[in-house]
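Asks: After the structure tokens below, expect a handful of questions from me.
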Amino acid sequence: MKTLKNVILLIMTMSLITLTSCKSDDDGDGGGNAADGTVVASVDGDNFQSLDISSSATLANNGQNLIIIATNSDGQAINFTIIGYSGEGTYPIGGGANIFNSASYSETDVDINNPQNSTTEIWQAPYNDTQVGEISISNETETKVVGTFSFTAKNTGGDQSVKTISDGAFDLNKDVIN
């Protein structure tokens, strides 16, 4: 009987950990330092700041997915997708087979003399089954989404290099599509 109680306790504990690992109810780390309409971050120590005109937050699939896309004039982009979005809180990037949230960083080198020779390198997260970052939504209104993020990404299709994206923040207008 004591063994049965211990097994039930273990199952309940593991269930609780599993259910709470997908999203925490804290309100993130504040809005960070992004200007209105932009995404900012440090990419391996170099500053990234998106342009207002090329940055967006879209709530899709009846509000179940949040997609953020941000680019700048240097050919750099940061994107992330939260599957199973449910509002303010912290969402892991990676962390097992049941975590579908993803992020990426890319660099495009445009050859102005011959655009067909342009190249794009993409660093993806997650790149294995461990948690490699998180996205925290600290404030969501009818028209805006504000939060912070950090992740480590790997160039899985290229040289296998790893980039660390840290001190990320966003303050974006929100579009809703169904």
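Asks: Can you find a residue that is under 17 Å from the mean Cα position of the chain (by Cα), among the hydroxyl-bearing types (Ser, Thr, Tyr) and surrounded by 11 or more Cβ atoms within 10 Å (Cβ to Cβ) anywhere in region 108-121? Reasoning before the result, please.
Replies: Filtering region 108-121 for residues under 17 Å from the mean Cα position of the chain (by Cα) gives none.
No, because not a single residue in region 108-121 is under 17 Å from the mean Cα position of the chain (by Cα), among the hydroxyl-bearing types (Ser, Thr, Tyr) and surrounded by 11 or more Cβ atoms within 10 Å (Cβ to Cβ).
Asks: Moving on to the next point. Only one of Gly133, Gly96 is part of a strand (DSSP E or B) and in contact with a strand residue (DSSP E or B) (Cβ under 9 Å, 6 or more places away or on another chain). Can you tell me which?
Replies: The unique qualifying residue is Gly133.
Asks: If I go through region 37-47 residue by residue, how many of them are touching a residue at least 12 places away in the same chain (Cβ under 8 Å), more than 15 Å from the chain's Cα centre (by Cα) and more than 12 Å from Ile68 (Cα to Cα)?
Replies: Count: 1.
No value in this document is a laboratory result; all are computed from the given coordinates. What you see is a predicted model; the values in this text were computed from it and never measured. Cβ sites come from the backbone with ideal geometry, for glycine too, and all protein chains shown count toward neighbours.
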